[in-house]
Amino acid sequence: MTVNTLAPVPVSLPLPAALAGRTVVVVGGSSGIGLAAGALLASAGARVTLVARDRDRLAAAVEQVCTPGATVTGIAGDGTDERDLERVLDEAGGPVDHLLVTAGGLAGGPFLDTPVDRLRQAVDGRFWGAYAAARAAARLMPPGGSVTFSSGLYLQRPVPGAAAAIAILGAVEGLTRTLAVELAPMRLRVNAVRYGVVDTPLSRGSLGLDGAEAVAAAGRNTPLGRFGTAQEAASAALFLMANNFATGTVLTVDGGQSLV
Ligand SMILES: NC(=O)c1ccc[n+]([C@@H]2O[C@H](COP(=O)([O-])OP(=O)(O)OC[C@H]3O[C@@H](n4cnc5c(N)ncnc54)[C@H](OP(=O)(O)O)[C@@H]3O)[C@@H](O)[C@H]2O)c1
């Protein structure tokens, strides 16, 4: 029998105990990394609110994450709209201990063929969405609260056809470091995870990968021989939430993809 030493090992307990009983809002929680974060948070005993636009997908996500004993709710909302985010967080009720922002997709196209107008909405949504979500949540956070944003490996290893999307990653990391300083007097922390390619509906769509075999083949040339799982990516976000001394940190979790 051959042992596949490259296979992912599911993240298991103990998860950060500091998150038990905490209220965590995941903007982008119905799919991919946000959905995996919701499941890990629920199993760590956090009270979880998942936010996304598509109501049916959100309801399915809540059902998937809400294991017996877990407290998981879904609130439909648009993470690019500051007013809507304020409404969502008011509906969530009470203080928010931690916010994770995973909303957003990849907007791209060859630079010389892609006018500003085609990308403006996606770019605005991704950057101002992160800004607005942090603003809406920070006013509800007690000391010890945290915001965790999503960045990506392509900021360090750019690829053609994604100029605006990659520039936003830089903006999000700049926002992370700036807010870490500005919100520190409130004892709030702000961090980001710089993900490598993670197997999610987003990456499958943007890389044109249809099915697990195509994903496995595409990941083979990376240092660890595979792309990351959504759970592996999400657990990095939970680490940043739970570590009370992490702020302004951009944590790279990419299976070594940025090294080669
Ligand atoms: N997967 C990767 O390889 C990878 C690598 C680097 C960085 N990232 C970043 O990590 C984040 C999560 O990626 P993922 O792969 O998990 O994506 P995903 O599977 O496509 O999930 C994205 C989630 O965000 C929600 N969403 C999108 N736009 C939204 C909006 N305007 N308001 C509220 N919710 C919204 C989606 O639901 P609705 O569409 O229903 O709203 C969905 O729940 C993204 O920011 C992505 O750019 C991903």
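Computed in the context of the full set of protein chains, the accessible area of region 17-252 at 1.4 Å probe radius has 55% of its extent on carbon or sulfur. Coupling constants for region 121-126 follow from the phi torsions by the Karplus curve (6.51 cos²θ - 1.76 cosθ + 1.60, θ = phi - 60°), and in residue order they are 5, 5, 5, 4, x, 5 Hz; glycine and proline get x.
Computed packing ranks the peptides 30-36, 238-244 as 30-36, 238-244, most packed first, by mean other Cβ atoms within 10 Å. Remark on Thr49: its backbone amide H falls under 5 Å from those of Val24, Val25, Val26, Thr73, a criterion applied only to residues 5 or more positions apart or on other chains, H modelled at 1.01 Å from N. By the helix-only formula, in which each DSSP H run with n ≥ 4 contributes -39500 (n - 2.57) and the sum is divided by residues, the chain has a 222 nm mean residue ellipticity of -13000 deg cm²/dmol. Sparsely packed loop sites in region 39-130 (the trypsin sites (Lys or Arg not before Pro) outside DSSP H, G, I, E and B with at most 11 other Cβ atoms within 10 Å) do not occur. Rounded to whole numbers, the Karplus 3J(HN,Hα) couplings from phi for region 163-172 are 4, 5, 4, 6, 4, 5, 4, x, 5, 5 Hz, using 6.51 cos²θ - 1.76 cosθ + 1.60 with θ = phi - 60°, and x at Gly and Pro. Short-range pairs are left out: with C-alpha atoms under 8 Å and at least six residues apart, the relative contact order of the chain is 20 percent. A P(r) calculated from all alpha carbon pairs of the chain, with 10 Å bins opening at zero, reads 7, 31, 38, 20, 4, 0 percent.
Using a probe of 1.4 angstrom and keeping all protein chains present, the accessible surface of region 17-252 works out to 47 square angstrom per residue.
The values are calculated or read from the model by the stated rules, or taken from the named source; none is laboratory data. Keep in mind that this is a model prediction, so the values were computed, not measured. Cβ coordinates were reconstructed from backbone atoms using ideal geometry, including for glycine residues, and neighbour counts include every protein chain displayed. Accessible surface areas use protein heavy atoms only, side chains included; no ligands, DNA or RNA. Shrake-Rupley method; radii C 1.70, N 1.55, O 1.52, S 1.80 Å.
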